[in-house]
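Step one of this worksheet: look at the structure below.
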Ligand SMILES: [Zn+2]
C-alpha cells in the first residue's frame, strides 16, 4: 500500500504543477478548466499524502510490535476495522472522538 500510494503521488506530481497562466495556446475557458483540474489533482494528492503518513505510521508500529493497538487507549483496534483500513491507528471510539475535536 505504501508503494502504491507513493507511485500514484509520483505519477501525478507533474499534473499538479501550477498552470502556466501566460500560455498563449490556452484560451480563457480551457485555462479555467486547467486550473480547476489542477486544483482537484492537488486536493487528491493532499489526501493521499495524509494517507501515506498513516500507512507509514502503521508500518512502523508493525515493526515495533504495536500494530493493532490503539495509539490512544491501547485497546485492540479490531480485526474488522484493520481489514477494511489496515492503516488505522486508533480504535473506532478514539477515532470518533478525534474527528469530533
Ligand atoms: Zn482507542
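The values are calculated or read from the model by the stated rules, or taken from the named source; none is laboratory data. Nothing here was measured: the structure is a model prediction, and the numbers come from that model. All Cβ positions, glycine included, derive from the backbone under ideal geometry; neighbour counts span all protein chains shown.
Structure summary
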{"quantity": "Entirely in segment 15-101, the helices (runs of 4 or more DSSP H) that have 2 or more residues that are within 16 Å of the ligand (Cβ to nearest atom), surrounded by fewer than 16 Cβ atoms within 10 Å (Cβ to Cβ) and not assigned by TED's automatic domain parsing to the domain that holds residue 4", "calculated": "79-84, 92-100"}
{"quantity": "Qualifying residue in segment 18-37 (condition: within 17 Å of the chain's Cα centre (by Cα) and modelled with pLDDT under 95)", "calculated": "no"}
